[in-house]
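What follows is a short report on a single structure.
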Amino acid sequence: MTDAFTRISRAQGSYVRAIDDGPIEDWPEHFTDNAFYKVTTADNHRRGLPAGVIWADNKAMLKDRVSALKEANIYEPHAYRHLLGQPAIAEESETGATSETSFLVVRITGNGPTDIFASGRYLDEYVFTGGRTLLNKRIVVCDSSRIDTLLVLPL
Amino acid sequence: MSEGSRAATAMAARSWPRSLAEVPYWVFQEEDVYRAEQQNIFHGPFWNYLCLEAELAEPGDFCATFIGEQPVLVTRDHDGEIYAFENRCAHRGALIAMEHYGHARDFTCVYHAWTYNLQGDLTGVAFEEGINGKGGMGKDFCKAAHSPRRLRLASVHGLVFGSLDNDVPEIEEYLGQEILDRIERVLGGRKPVVLGRFTQELPNNWKLYMENVKDSYHASILHLFFTTFGLNKLNQKGGIIVSENGGHHVSWSAINREAEAKAASTYKDQNIRSDSEYQLEDPSLVDSFSEVGDDITLQILSVSPGFVLQQIQNSIAVRQVLPTGVDTTSLNWTYLGFEDDTEEQQLTRMKQSNLVGPAGYVSMEDGAIGGFVQRGIAGAGSEFATLQMGGDQAVSSESRVTEASIRGFWKVYREAMGFTVGETEGADT
């Protein structure tokens, strides 16, 4: 049995690769069917305010995010590069773990410069099911309350 | 002009077209125009949104916000009243409060510990008497004469507005009955609850965002989410309300429930499949309840210079538009629910919050489009945008295929700025 740290590290490596290098359709596949995913800010999180910049309570909503960004939304082409810290594991068992991981995301718009776009932490709840490590809950807590221009690609 | 406020900065050297259908691009580009706006608009006789009464629920609660670039502090004192004053120490000009929202007994400037009460009165000066009889303030120093400038305040169905100009008209007169009624429709008799706050940094002049808000006809062209996923309702009734002075507007649409039911049964009887190739995996995103008991599913309301109240299905939010430079703007979103919401209704609001804000399916494009214009007009400072859709007037209409409310915005703006209105082709409006 692989340990929780290794399982989570592998899952997160795969997660950021799906967003940064694609295919983006692989991104929802890192979640369970009834997973909760929210992007919020440290200020909202501290105050216990429930709304998110993105708010989803199932995997189908995450698939809709992907189809919308592919088919419907209009925006300038851009790409992210995620840099993740080591996951700090809070609780772990045979069937899952909770962890917290720092992230830094830089954004490259068109042929423009590399800009720091977001920093923050993932508050995660993973389930180990068979050989897979899936997110059952991910709250993305951005350090800043400010978002530059728009957020199309997930964090 | 009120005591303490400087005279409006004259922009008479700049000529503005007489027709409301022409907007010179230099108005989004020039530093002197930006500086004059701070004086003539934001320090001028306009009401600016500050915060919600709900954000100042308890005595001692405060909110540090802005009117244009001017930092402002809004408080609730123990008498239950709301007060607002410039967030600037009367001594040497430092910010009095730095947290955006908080709770305080009083405010002490960190620089030299001048202390103010919740109404903005100077109550304490450190070392006022000096030390050992030496130093200290002069004998004629009077604390009462050294307080930050107070604002005029008005509260409209829980929205707190402030003005730095004592000559601003009463808020009821400023807004007009139609706008007041439409604010009341969403907020009247209900206690809002803040569900979240986000700031979106826009890469464009603040007026480009206000134009976008007042431009209802771009919505079904730029925002493809509804049409792509086959969720658009083409049989909706609606209209545009432009306030009498032109500065404020409402764009609204409503579901025609009879026609909906008829269309649904027609499709069913004919066994016609939808043409839409794509659909949402979780269409519950757009399941909605009647917000206030009527059929209106969309109401976008703006108050000049920079306030928006939004109802998009069950997503309710206020937006504060704050200029931060010639080509940068902060857009502050506050998502709202209400005290009486059921758990189910709050869930609906959470799901529909995906439609708006920086990552919103129907509004993320608004965060980018202003930047596309700002970049597009570089080098076109002597040319004009054209606003001829729906004619050249700034009046209400049943059609939303009109730029009437944008023309109304410019009508108020050019008057306040004191441009010389030139003789060009087009109607004299």
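The values are calculated or read from the model by the stated rules, or taken from the named source; none is laboratory data. Keep in mind the model is a prediction, meaning the values are calculated, not measured. Cβ coordinates were reconstructed from backbone atoms using ideal geometry, including for glycine residues, and neighbour counts include every protein chain displayed. When the accessible area is computed, the model is the full protein with side chains, heavy atoms only, and any ligands, DNA or RNA have been set aside. Shrake-Rupley method; radii C 1.70, N 1.55, O 1.52, S 1.80 Å.
Remarks
- Normalised radius of gyration (Cα atoms, divided by 2.2 N^0.38 Å) for chain A: 1.01.
- Unit charges on C-beta of K, R, D, E only; dipole of the protein assembly as shown, Debye: 820
- Computed E for B:Ser284/B:Lys237 - FRET, C-beta separation, R0 25 angstrom, nearest 0.05: 0.45
- A:Thr41 long-range amide H proximity, modeled H, under 5 Å: A:Cys142
- Each eigenvalue of the Cα gyration tensor of chain B, multiplied by 5 and square-rooted, gives one semi-axis; in descending order these are 42, 28, 18 Å.
- Cα convex hull volume per residue for the stretch A:60-115 (Å³): 109
- Here the gap between B:Glu128 and B:Arg35, fully extended at 0.36 nm per residue and compared with their Cα-Cα distance, gives a gain of 29.8 nm.
- B:Ala359 long-range amide H proximity, modeled H, under 5 Å: A:Leu151
- Whichever lysines have a C-alpha closer than 23 Å to that of B:Lys237, once near sequence neighbours (fewer than 8 apart) are set aside: B:Lys214, B:Lys262
- For chain B, taking a cut-off of 4.7 Å between Cβ atoms, the unpaired cysteines are B:Cys142.
- Cα gyration tensor category, rounded, prolate or oblate, for the stretch B:172-249 with a/c compared to 1.5: rounded
- Label zone (A:Asp33, point 7 Å along Cα-to-C-beta; backbone nitrogen cut-off 18 Å) within the stretch A:101-134: A:127-134.
- Per residue Cα convex hull volume in Å³ - calculated over the stretch A:68-155: 125
- Relative to its Kirkwood radius, the Cα radius of gyration of the stretch B:273-394 gives an Rg/Rh of 1.04.
- In plain terms, the chain from B:Ile221 to B:Val373 could stretch by 53.1 nm, reckoned as 0.36 nm per residue minus the Cα-Cα distance.
- Inter-site label distance for A:Ser144 and B:Asp295 at 7 Å from Cα along Cβ, in nm: 4.6
- The fraction of all Cα pairs in the stretch B:21-159 landing in successive 5 Å bins from 0 to the largest distance is 2, 9, 16, 18, 16, 12, 10, 7, 5, 3, 1, 0, 0, 0, 0, given as whole percents.
- Between B:Glu398 and B:Glu58, the FRET efficiency from the beta-carbon distance, with R0 = 41 Å, is close to 0.35.
- Each residue of the stretch A:147-155 was assigned a 3J(HN,Hα) from its phi angle through the Karplus curve 6.51 cos²θ - 1.76 cosθ + 1.60 (θ = phi - 60°); the sequence is 10, 6, 6, 6, 10, 9, 6, x, 9 Hz, with glycine and proline shown as x.
- Mean residue ellipticity, 222 nm, helices only, chain B: the sum of -39500 (n - 2.57) across DSSP H runs of n ≥ 4, divided by residue count and rounded to 500, is -6000 deg cm²/dmol.
- In summary, the lysines within cross-link reach of A:Lys38, defined as a Cα separation below 25 angstrom excluding same-chain residues under 8 places away, comprise A:Lys59, A:Lys63, A:Lys70, A:Lys137, B:Lys351.
- Which of B:Glu129, B:Glu211 is most accessible, then next, and so on - probe 1.4 Å: B:Glu129, B:Glu211
- Magnitude of the charge dipole, the stretch A:94-145, Cβ model with Lys/Arg +1 and Asp/Glu -1, debye to 20: 140
- Cα-based helix-to-principal-axis angle, B:177-187 vs chain B, degrees rounded to 10: 90
- Applying Stokes-Einstein at 4 °C and 1.567 mPa s to the Kirkwood radius of the protein assembly as shown, computed over alpha-carbon pairs, gives a translational diffusion coefficient of 50 µm² s⁻¹.
- Stretching the chain fully between B:Thr328 and B:His78 yields a gain of 86.2 nm (0.36 nm per residue, less the alpha carbon separation).
- Amide H to amide H, with H built 1.01 Å from N, B:Gln313 comes under 5 Å of B:Leu298, B:Gln299, counting only residues 5 or more places away or on other chains.
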